[in-house]
Amino acid sequence: MSLVRNFIEDWSRYRRSIDEGGFHEYEHMWGMVIDLDKCTGCNACSVACYAENNLAVVGEDKFENGQGMHWMRIERYWDEPNIGNERVRDTQEHGASFMPMMCQQCNSATCEPVCPVSAAYHTPDGLNAQIYNRCVGSRYCANNCPYRLRYFNFFSYYEDSWPSPLDMQLNPDITVRDKGVMEKCTFCVQRIRSTKNAAKMEDRQVVDGEVQTACQQTCPTSAIVFGDLLDHESDVHKLWHKHQTRLGTTKQKKDNPELRGYRLYEQLNTEPSVTYLERVRDV
Amino acid sequence: MSKIEFDRRDFLKVMGVSGVAATVAGCDMPSYITSEEGAEEVIPYLSPEEFVIPGVGVHYASTCLQCPATCGIRGRVREGRVLKLEGNPKSALNTGKLCQMGQAGLQTHYNPDRLTKPLVRKDGALAEATWEDALALIEEKTGPSSGLSGGRFAWLTGTISGHQSVLLKAHLESLGSSSHFVHEVINTRVWQAVCQDMLGQSMPRLRIDKAKMVLSFGADFLGTWMSPIHFSADYARFRSGEDRGMLVQAEPSMSLTGANADLWVALRPGTEGVMALGLANVLINKERMDASALPAAALELINQYGVSRTTKMTGIAGDRLIRIARHLKERSPSLVLAGASAAGHVGGYQSVQAAMLLNILLGNIDQTIEASGDFALPQLASVSGGTSDLSRFADAAGAGKLDAVFFDGSNPLFAAPNHLGLTEKFDSIPFKVAFSQFMDETTAHADVVLPMASALEDWGTHVAAYQGGDHEIAFQQPLMEPIYPGTRSFGDMLLALNSMRNPGSYDGLEDYYGYLQSAVGSIPGVLKGEDDEAINVSAWNRILQDGRLQMPVDTRAFTSNLSMDDMDVRDADPAFPYYLVPTPRGTLYDGRHANIPWLQESPDQISKVVWNSWAEIHPVTAAKLAVEEGDVITVTTPDGVLEVPVYIHKGIHVDVVAVPMGQGHEDYGRYARGRGVNPLKILQPGSDAKTGELALYGSRAALAATGRAGRLIKMGNTETQHGRKIVATITAEQQRRNEGDS
Ligand code: SF4
Ligand code: SF4
Ligand code: SF4
């Protein structure tokens, strides 16, 4: 009898959709929404991330070799495939298309299974984490990331990046990475940690809005929304719901295909935790 | 705490409150703010040691001085070091947000190239000196026994406000001088002059959030214009919901704001006013809009700019002009703005005036352009800088009218075009004192260099020129102890200079902090009740916790004076067929942030170039010159030549070459020195007739290929999405259908 019940319980847990945390016992499923119509491409988020996460300035030579460490990078495209390339005539009539790109914290991350030492792994918070002191620098993960947002320390950048007293600014909550280590956006895990700890000390749940990522906090147009997708009262959950994006699919089934939410390259079955809202133009 | 010795009238004046009976509404100070790190409080920097708990961060409120907008900041401080800056959510200007320059304030503060010791020029070279020697020299040259007086002494600063401005004026007065040159390359002076003349107020509130359409003639309100972080939040509201606003940006080369436009129009430089009049013409003659609000002279002028003439002068197709006019009529209230690229011409004032005329015709006054009133304490109000002060300063120096100049917060020798000949004129001034944090181009030519505390180490009060609704005094307080004991506070220096001129009169004021507390205490109703003598310490602490003091707003209605002058559009010179645009960008700004590694490595918002200068040209121009991206061209004006690699894109008028400001430093530390070119240097003479502002956008250039490939380091290897769905775009019509409720 109890065998059957166990089986049924386990089965229903196993069958639980990833929206509800899947078969993992997720505590949280941190997710994001970036509204591309509000994003102005200003770069404030990117610099905020440098300040928060001890990102090295590599200098022009290394930047030229593709070693810039911008965990958050604002890509800029001139064409607009959705409203037709031919619209980009002799002037750039509808401005630029900006894309804030950072680790999409995929829930079936292509970078994780290829790591020979499991330095890239998934946390019970739904984060795609990197264990720096386990990383051996094989770079398989970066090779496998379809978004190209893993950054490798080819050198000991810290030797030149923070000449004294610039080093006094380094955030003591996280490390400075050395040569041979892979790094990328963590969804500001140190902020998540300290908020969770504070909540635990007060014997309560983390409330929506309490954790702000550095990029979100500074964004002048509030284009970035961050929170727990498992918390149905959270802004991020409501926005996913409103724009009908969900985890657990490679193609969103929408009642209304005009709703703006989409996940980047979700057809690759990476299960990204970031929903982008389409840019809008009055054409 | 400080005992004040001098008489009450002088006291009020030097405290910045004379002549006003402003009482701050109620003494109902807001309660403590809790910060995001659990339960710690935002605390004032009074006894910092008590708040140093190992491993725990606390937050202090202060003010960002990375540009003149003066957004509120909060610094996260741990173990006595400031680690991170965030926007101050209590600030009505920036409500918790910061731009990238604001974020990078940390690297100005911790910059490895800060000045740490006073320097005095000996035998032609700057040599280390003690503070005593440096101050003794200043006393000798500018003290009471120097005989110096009147306009032979001057201050040259950047935009300044608050109590620093009060003390600076007191110092000038003590010398009998009124020569205060206020220099700012990126400014809104022409806009302010037009608003003052036409509406009777220089800084009306601009409600981008209430507008259904914004037509901007080069006003980069998301990047560098007026108060970009305030406007970014307004813009987010403008863009959301059922009535998503439409943005049309007309300018010679794409700004960050232009990059976000629904419709971006490449405009021939200097024809902004013509386009505005052409639109007015269509609105009146084709769309039958009521023009009774406009004076006859203006109507006469508008009638001269019919569609075909406007098209010919601006290069904008007639059907496009008519479409924009129709949108403006349909989407009321709208808002028409005019920024630096409209104002920076010989006829800049007229262009901005024409934009304002359009606002009046469209009925936007009191709708999206609101009266804001004057700041209740005029002595604290912002003294906003401009470039006319740079040329006036060059004239005064060149005519040998100056014996001693003190300068702070501005780098005129970097910003001055070659035609002003400022370096020689500057060197001819007998005594020049730099209050500086860095060895910039101007500081390198000073006779005495006084190393200043950073903005994050100092006290101050600031009043933004553009107030976002509530009028506020922004408080700047140290976020940590000075890194270098050899540096001093600017406020302390102002007190010392005043005491030097009037020995004894400032004795009761121990330091600038003490002065500020007394000064704020003397604003009626802030720190004291009606008859109280003692300062209410908890009220003071709360001001410092908030970083802001709200002031009463005495709103004054607009007055109107609608004069209108004809456009002054200069013909092209066939020898110099291109227009040179020195682009302002919210990265290196006017060059002041070229010494910040984060910002040097922050890809340009448009070109994505890092660590260097580039020239933007249109593909048509590139084909004419037979150059590809990265090839070096020469940009020649009658005033000089630049060699710079090209970046080719379609966000620029075909007759324009745009070179960003900021690089081309000869000095200014390891990150800035010897990098790129400075387009300001080769600008041609010319200024707006009405305001005297330099015509920064009015220069003509010739371009030539050098046949050399240069180095253009960019983020990303592709300019297109190759048909993939990376940034997807839908039409506003689709968005309106579905998001009516948000
Ligand atoms: S800070 Fe916000 S608006 Fe600026 S680039 Fe980042 S996401 Fe976009
Ligand atoms: S979430 Fe944090 S780590 Fe990730 S991009 Fe934003 S600031 Fe950087
Ligand atoms: S706009 Fe940016 S640099 Fe200017 S005051 Fe605000 S945060 Fe600072």
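If I ask for residues that are at pLDDT 90 or above, of a type in the set (Val, Ile, Thr) and more than 25 Å from A:SER108 (Cα to Cα), which ones from the range A:248-283 would you list?
Within the range A:248-283, A:VAL280 is the sole residue that qualifies.
If I ask for residues that are of a type in the set (S, T, N, Q) and modelled with pLDDT of 85 or more, which ones from the range B:500-521 would you list? Can you show your working first?
Residues of the range B:500-521 of a type in the set (S, T, N, Q): B:502, B:505, B:517-518.
Within the range B:500-521, B:ASN502, B:GLN517, B:SER518 qualify.
Would you mind finding the one in B:GLU733, B:GLU666, B:GLU719, B:GLU739 that is under 30 Å from A:ASN256 (Cα atoms), surrounded by fewer than 21 Cβ atoms within 10 Å (Cβ to Cβ) and touching a residue at least 12 places away in the same chain (Cβ under 8 Å)? First the steps, then the outcome.
On the way: B:GLU733 fails: touching a residue at least 12 places away in the same chain (Cβ under 8 Å); B:GLU666 fails: under 30 Å from A:ASN256 (Cα atoms); B:GLU719 fails: under 30 Å from A:ASN256 (Cα atoms).
That would be B:GLU739, the only listed residue that is under 30 Å from A:ASN256 (Cα atoms), surrounded by fewer than 21 Cβ atoms within 10 Å (Cβ to Cβ) and touching a residue at least 12 places away in the same chain (Cβ under 8 Å).
With a cut-off of at least 2 residues that are modelled with pLDDT of 95 or more and under 30 Å from A:ASP282 (Cβ atoms), name the helices (runs of 4 or more DSSP H) lying wholly within the range A:1-114.
On the way: elements: A:2-15, A:44-53, A:60-64.
Those helices (runs of 4 or more DSSP H) span A:44-53.
Identify all residues within the range B:695-723 that are more than 30 Å from B:ASN418 (Cβ to Cβ) and within 7 Å of another protein chain (Cβ to nearest Cβ); write none if there are none.
Pass one, the range B:695-723, residues more than 30 Å from B:ASN418 (Cβ to Cβ): B:715-723.
Correct list: B:MET715, B:GLY716, B:GLU719, B:THR720, B:GLN721, B:GLY723.
Could you list, in sequence order, all residues of the range B:60-96 that are near ligand 3 (Cβ under 10 Å from one of its atoms) and at positive phi?
Once the filter is applied, which keeps residues that are near ligand 3 (Cβ under 10 Å from one of its atoms) and at positive phi, the range B:60-96 yields only B:THR70.
Take B:ALA434 and tell me if it is under 25 Å from B:PRO478 (Cα atoms) and surrounded by fewer than 24 Cβ atoms within 10 Å (Cβ to Cβ).
no
Do you know which of the residues in the range B:97-137 that are surrounded by fewer than 22 Cβ atoms within 10 Å (Cβ to Cβ) and of a type in the set (D, E, K, R) is nearest to ligand 3 (Cβ to nearest atom)?
So the residue we want is B:ASP113.
Of everything in the range A:203-226, what is in contact with an Asp or Glu (Cβ under 6 Å, 6 or more places away or on another chain) and within 11 Å of another protein chain (Cβ to nearest Cβ)? Give them in sequence order.
A:ALA214, A:GLN217, A:ALA223
I'm told B:GLY147 meets every condition in (1) within 16 Å of ligand 2 (Cβ to nearest atom); (2) without any contact (Cβ under 8 Å) to a residue 12 or more places away in the chain except one. Can you identify the failing condition by its number?
(1)
Which one of the conditions (1) within 11 Å of chain B (Cβ to nearest Cβ); (2) under 16 Å from the mean Cα position of the chain (by Cα) does A:GLU271 fail to meet, given that it meets all the rest?
(1)
Can you tell me which residues in the range B:384-405 are surrounded by fewer than 19 Cβ atoms within 10 Å (Cβ to Cβ) and under 23 Å from the mean Cα position of the chain (by Cα)?
Pass one, the range B:384-405, residues surrounded by fewer than 19 Cβ atoms within 10 Å (Cβ to Cβ): B:392, B:395, B:398-401.
Listed by number, the list holds a single entry, B:ARG392.
Just checking, does the range B:636-657 include any residue being away from chain A (no Cβ under 14 Å), of a type in the set (Ser, Thr, Tyr) and not in a loop (DSSP other than H, G, I, E, B)? Even if it seems obvious, please write down each step before you answer.
Narrowing the range B:636-657 to residues away from chain A (no Cβ under 14 Å): B:636-644, B:646, B:657.
Checking which are of a type in the set (Ser, Thr, Tyr) leaves us with B:636-637.
Now narrow it down to the ones that are not in a loop (DSSP other than H, G, I, E, B): B:636-637.
Scanning the range B:636-657, I find at least one residue that is away from chain A (no Cβ under 14 Å), of a type in the set (Ser, Thr, Tyr) and not in a loop (DSSP other than H, G, I, E, B), so the answer is yes.
Quick one: how many residues across the range B:72-88 are in a loop (DSSP other than H, G, I, E, B) and either within 14 Å of ligand 1 (Cβ to nearest atom) or more than 10 Å from every other protein chain (Cβ to nearest Cβ) (or both)?
Here is the first cut: in the range B:72-88, the residues in a loop (DSSP other than H, G, I, E, B) are B:79-80, B:88.
Right, trim to either within 14 Å of ligand 1 (Cβ to nearest atom) or more than 10 Å from every other protein chain (Cβ to nearest Cβ) (or both) and you get B:88.
Residues meeting the conditions: 1.
Show the residue pairs meeting these rules: Cβ distance below 6 Å; 6+ apart or different chains; first residue within the range B:251-266 and facing chain A (nearest Cβ under 7 Å); second residue part of a helix (DSSP H, G or I) and buried (at least 24 other Cβ atoms within 10 Å of the Cβ).
B:TRP264/B:GLY258
What pairs can you find where one residue is in the range B:475-486 and more than 20 Å from B:CYS64 (Cβ to Cβ) and of a type in the set (Phe, Trp, Tyr), the other is part of a loop (DSSP other than H, G, I, E, B) and modelled with pLDDT of 95 or more, and their Cβ atoms are less than 6 Å apart, with a gap of 6+ or different chains?
Pairs found: B:TYR484/B:THR116.
In this structure, does B:GLN721 turn out to be assigned to a helix (DSSP H, G or I) and either touching a strand residue (DSSP E or B) at 6+ places or on another chain (Cβ under 9 Å) or assigned by TED's automatic domain parsing to the domain that holds B:VAL657 (or both)? Spell out how you get there, then give the answer.
Working: assigned to a helix (DSSP H, G or I): no; either touching a strand residue (DSSP E or B) at 6+ places or on another chain (Cβ under 9 Å) or assigned by TED's automatic domain parsing to the domain that holds B:VAL657 (or both): yes.
Considered against the rule, which asks whether it is assigned to a helix (DSSP H, G or I) and either touching a strand residue (DSSP E or B) at 6+ places or on another chain (Cβ under 9 Å) or assigned by TED's automatic domain parsing to the domain that holds B:VAL657 (or both), B:GLN721 comes out as no.
Do we have any residue at all in the range B:526-533 that's in a loop (DSSP other than H, G, I, E, B) and in contact (Cβ under 8 Å) with a residue 24 or more places away in the chain? Outline the logic, then answer.
Taking the range B:526-533 first, the residues in a loop (DSSP other than H, G, I, E, B) are B:526-533.
Now drop any that are not in contact (Cβ under 8 Å) with a residue 24 or more places away in the chain, which leaves B:526, B:529.
So far as the range B:526-533 goes, yes, one or more of its residues are in a loop (DSSP other than H, G, I, E, B) and in contact (Cβ under 8 Å) with a residue 24 or more places away in the chain.
Filter the range A:217-250 for residues that are assigned to a helix (DSSP H, G or I) and within 16 Å of ligand 3 (Cβ to nearest atom); which is surrounded by the fewest Cβ atoms within 10 Å (Cβ to Cβ)? Steps first, please.
Of all residues in the range A:217-250, those assigned to a helix (DSSP H, G or I) come to A:217-218, A:235-242.
Subset that is within 16 Å of ligand 3 (Cβ to nearest atom): A:217-218.
Details: A:GLN217: 24, A:THR218: 31.
Among residues in the range A:217-250 that are assigned to a helix (DSSP H, G or I) and within 16 Å of ligand 3 (Cβ to nearest atom), the one surrounded by the fewest Cβ atoms within 10 Å (Cβ to Cβ) is A:GLN217.
So which residues in the range A:38-55 are more than 7 Å from every other protein chain (Cβ to nearest Cβ), more than 15 Å from ligand 3 (Cβ to nearest atom) and in contact with a strand residue (DSSP E or B) (Cβ under 9 Å, 6 or more places away or on another chain)?
Pass one, the range A:38-55, residues more than 7 Å from every other protein chain (Cβ to nearest Cβ): A:39, A:45, A:49, A:53-55.
Pick out the ones that are also more than 15 Å from ligand 3 (Cβ to nearest atom) and you get A:39, A:49, A:53-55.
Selection gives A:CYS39, A:ASN53, A:LEU55.
Looking at the range A:183-202, can you tell me whether even one residue there is away from chain B (no Cβ under 14 Å), more than 16 Å from ligand 3 (Cβ to nearest atom) and either modelled with pLDDT under 95 or within 26 Å of B:GLY241 (Cα to Cα) (or both)? Full working, then the answer.
Start the filter on the range A:183-202 by keeping residues that are away from chain B (no Cβ under 14 Å), which leaves A:183-187, A:189.
Then keep just the ones that are more than 16 Å from ligand 3 (Cβ to nearest atom); that gives A:183-187, A:189.
From what's left, either modelled with pLDDT under 95 or within 26 Å of B:GLY241 (Cα to Cα) (or both): none.
Checked the range A:183-202: no residue is away from chain B (no Cβ under 14 Å), more than 16 Å from ligand 3 (Cβ to nearest atom) and either modelled with pLDDT under 95 or within 26 Å of B:GLY241 (Cα to Cα) (or both).
Step by step: first the residues of the range B:667-690, then only those that are modelled with pLDDT of 95 or more and under 21 Å from the mean Cα position of the chain (by Cα), then the one that is farthest from B:HIS183 (Cα to Cα). Which residue is that?
B:ALA672
Would you pick out the residues in the range A:184-231 that are of a type in the set (D, E, K, R) and either within 12 Å of ligand 2 (Cβ to nearest atom) or under 27 Å from A:PRO146 (Cβ atoms) (or both)? So that I can check it myself, show each step before the final result.
Step one: filter the range A:184-231 for residues of a type in the set (D, E, K, R), giving A:184, A:191, A:193, A:196, A:200, A:202-204, A:208, A:210, A:228, A:231.
Those that are of a type in the set (D, E, K, R) and either within 12 Å of ligand 2 (Cβ to nearest atom) or under 27 Å from A:PRO146 (Cβ atoms) (or both): A:LYS184, A:ARG191, A:ASP228.
So which residues in the range B:529-560 are at pLDDT below 85 and touching a helix residue (DSSP H, G or I) at 6+ places or on another chain (Cβ under 6 Å)?
B:ILE535, B:PHE558
For the range A:157-176, check the following and say yes or no: at least one residue is more than 14 Å from chain B (Cβ to nearest Cβ), in a loop (DSSP other than H, G, I, E, B) and away from ligand 2 (no atom under 15 Å from the Cβ).
No: the range A:157-176 contains no residue that is more than 14 Å from chain B (Cβ to nearest Cβ), in a loop (DSSP other than H, G, I, E, B) and away from ligand 2 (no atom under 15 Å from the Cβ).
Collect the residues in the range A:128-141 that are surrounded by fewer than 21 Cβ atoms within 10 Å (Cβ to Cβ) and assigned to a loop (DSSP other than H, G, I, E, B), keeping them in residue-number order. Even if it seems obvious, please write down each step before you answer.
First, the residues of the range A:128-141 that are surrounded by fewer than 21 Cβ atoms within 10 Å (Cβ to Cβ): A:129, A:131-134, A:136-140.
Result: A:ILE131, A:TYR132, A:ASN133, A:ARG134, A:VAL136, A:GLY137, A:SER138, A:ARG139.
The values are calculated or read from the model by the stated rules, or taken from the named source; none is laboratory data. Small disclaimer: the values here were computed from a predicted structure and weren't measured. Neighbour counts are summed over all protein chains in view; Cβ atoms, including those assigned to glycine, are modelled from backbone coordinates with ideal geometry.
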